[in-house]
Each structure stands twice: as structure tokens, then as C-alpha cells.
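The values are calculated or read from the model by the stated rules, or taken from the named source; none is laboratory data. Computed from a predicted model, the values in this text were never measured in an experiment. All Cβ positions, even for glycine, are placed from backbone atoms using ideal geometry, and neighbour counts span all protein chains on display. Side chains are part of the model used for accessible areas, which takes the heavy atoms of the whole protein and leaves out ligands, DNA and RNA. Shrake-Rupley method; radii C 1.70, N 1.55, O 1.52, S 1.80 Å.
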Amino acid sequence: MDSPLLALTRRSAAQAGSSRDSTAAENMRQLLQLRWMAVAGQLITILVVHFLLGVKLPLFPMMVVVALQAFANIISFVLLSRDRVTNVELMLGLLFDVGSLTAQLSLSGGATNPFVSLYLIQVVLGAILLESWSVWVLVVLTTVCYAGLAADSRPLAYPPNIEPLIGDLNALGAWLSFVLSGTLLAMFVTRISRNLRARDAFLADLRQRAAEEDGIVRIGLFASGAAHELGTPLASLAVILSDWRRLPKIAQDPELAGELAEMQAEVERCKAIVTDILHSAGEPRGEAMQSVGARAFLRDIVEEWRTTLASGPLTVDLQGLGDAAVVAGPSLRQAVWNLLDNAAEASPGGAALVATCDADELTIKVIDEGRGFTESELAGVGKLYHSGKGAGHGVGLFLASNVARRLGGRLAAMNRPEGGADVRLVLPLAKSRR
């Protein structure tokens, strides 16, 4: 069986890989959009120059290049819907665009064509999207293509009526090329950068979760070790208390006998807690989870909490649950228990537990009448050792948050307008039990 840390590492790596794949796929979609714009722009430019300006162009080969770009876009779109996108595939897509641009330029003036600066779009996009070696492959190929156009290009045959305007047309073409390059780069670099920032934010969140769950593992190991250490003194206390109960002086004193019985009950409870900790530490993950009725599950927690640790009145409303079921186990029981402890500590005068459900989610609200949360505490709810009680506190909310997250839910906290705090565990409902 894998250790918790190894399982956590594998899960985080899988999620990080999925994030990289989705980002690469989104970036490829941006390139496909750019290629569609290139297809439309080339088609319009060819038709305008050939038919409106009267500059004779080799229409058939140029239209073949446009058709090949459209066909490649369709094939890429089909493949993108089912396959992950790799660095090599992104590089090949950009190289295809460089080749298409080179073919069109070679048929329409070569290096003298003012739109030759469109090569820079491919280079800039490659520098953002590709690995280092791939970028240099793209740079070298683009440089070779440009040199080839400068060395051997087909000059355009201008009609006599526009020969006096050739200089102005070239200047206009250079300006249009600059505007087009700047606009496309601004559009697509902004989108691609947003995709990359979203990926980085997701990976940062994964690292934060990994650190938090590593904290849970360390707390669990510490608790397990402490439970082993506590086993012996608790057993000794149980034996001593049992011997004391048989002493004549204690047996004849009802008050002392009652206190001794209470002490024995507390020792037995401590032993039960230690047993639960050791049992939980030795269980495979998920083995203790099962679908249970939400109303009965919460009622049992409340009754046990009231008889052991309750320091004030607790109002309970479970009427809105019906026959809803939830996937629960010892960890969720402890999470709700922690919320009740926090509420009782913050509000000695009383607290409330209200549970409701809709079609998909169960909401467990623990409400108190205490001072509520500060803004910084609300921003850090669920983070380890982030508490208004001082350093070393906040473990209860941290554990509750992680339990909710592992069950596919979340922990939320807010201040009530009338005063006090409202902490909620929102969990997905289990499938209906038959």
C-alpha cells in the first residue's frame, strides 16, 4: 500500500499534468483561430490585389496554399478534441504556418513583399509557447526562409497605371503589416498569457493543497504516536480506579463513589478515543466511508457531543433533511465535532446546528453568538494555524476544511448581521439508498 505522502504526490502530479495538458490544448485553439484569420486575410488580400488593383498573381497555387491551411485547421480541430497537445505538436503547427507564409510570399514578391514582417508573429508566439530547443528550431527555420526569399523571389508584375504609386503602395503595405502584426500579437499574446497565468495559479493552488495535506499527515502521525504513548498510562489509571472502587471507605461514601465513577467514565472515553485514533491510522483510505442517513448521522453526533463536552445549550434543526444520505465516516464526524467545540467556546451562552439540503448538496451550519471573524481570519479560514485564538490554534477548521474537500465539498465561513459567526460544511449528497 502506498504511503499517504506518496499517494498525495501522485495525485498532485496527475492534477498538474492535467493542467498542463488543458493549457496546451487551449493555446493550440488560439493558434487555430489565428490560422483561420490568416486564411481569411490572405484570401481577401489576394482577391483585392489581383482583381481590384490589377496586379496579376498566380491565383491557382496561392489558392492551393489557402486551401491547405483551411484543411490543416479542420484536421487539427478534430485531433484536438481527443488527444493531448504536446510541445512537438505546437512546434509543428507553428512550422506549418511559417511554411505557408513562405509559400505565399514567394509567389507574391518574396522579401520585397511588405507582409514579410509577419514572420515575427510566429517567432513571438513560439517564444511564449514552446520549450527552448523548439524556439530555436523555429528561429533558424524562419531565418532560412527569409534568406531564401531574399536570394530567389518572384517579382510582381505591376500594371503600367499603378507603377507611379508603387512606392506609396509599399509604404501602405508596410503600415498595414505593422498594424496587423501589432494587433494580432496584442490579441493572442494577451490570451495565451492569461492561459499561462491560470495554469500557474492552478499549480500554486495544488502546491498549497499538497502542503496542507502534508500537514494533515504529520498531524496524523503525531496523533498516532501520542495515542500509543497514552495507552499505557490510561490502562494503569483504569486499573487503579477499579481498585479504588472496592475500597470500603470509598464504597461507603456516595459522593466520593459518584466522582470516582465519573472519573472511570472519562478514562474509558479517553481509551475509546485512543482506540479510534489507532484504528483510523491503520485503515486504508476510504475503507471507513459509507453512505448514511444525514439526519441520523448528525443526531448521533449531537447526542454524543452533548453528553461529553457540551458547555452550553445547543439548538438543533434537522427538519429540512428528509431522507437525504451523505458519504460519512469518522473524519466527518470529527469535523462536525470540531465546529461544535469552536462554537461552544466562542459562544458560552448557546449555539445552533442547522442542516438543510437541496437536490445535490447537504449544508451543515454551525452558528454561534460570539465575536465573529475579523477580515484576516475570514480570508484564512481553513488554513493551518490561522486563528484568532493565537499561535498554534486553528487546527479544527483546517481539518474540517480538508475533510470537506476530500469528500468533494467545501468549508465556508461568514459573519452574521446580528452578530456571531456562521460556519458551514457543504457536502455532496450520496445516491439515494434503496
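Tabulated data
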| read-out | value |
| --- | --- |
| Point-to-point label distance, residue 358-residue 25, nm (Cα→Cβ direction, 7 Å offset) | 2.8 nm |
| Whole-percent carbon and sulfur share, accessible surface of segment 101-141, 1.4 Å | 77 percent |
| Point-to-point label distance, residue 128-residue 268, nm (Cα→Cβ direction, 7 Å offset) | 7.0 nm |
| Residue 323 paired with residue 37, simple spin-label distance in nm, labels 7 Å along Cα-to-beta-carbon | 5.8 nm |
| Estimated FRET transfer efficiency (residue 418, residue 237; beta-carbon r; R0 35 Å; 0.05) | 0.20 |
| Using a Förster distance of 51 Å, the FRET efficiency for residue 179-residue 78 (Cβ separation, nearest 0.05) | 0.95 |
| Sulfur and carbon atoms: percent of accessible area, segment 292-384 [1.4 Å] | 49 percent |
| Packing rank of 37-45, 105-113, where each peptide gets the mean count of other beta carbons within 10 Å, highest leading | 105-113, 37-45 |
| Ordering of 179-185, 251-257, 92-98 by burial proxy (mean other Cβ atoms within 10 Å per residue, highest first) | 92-98, 179-185, 251-257 |
| Computed lengthening from residue 246 to residue 261, 0.36 nm per intervening residue step minus Cα-Cα distance | 4.2 nm |
| Surface accessible to a 1.4 Å probe, per residue, for the residues of segment 89-155, Å² | 45 Å² |
| Gain upon complete extension [residue 191, residue 375; 0.36 nm per residue less C-alpha separation] | 62.9 nm |
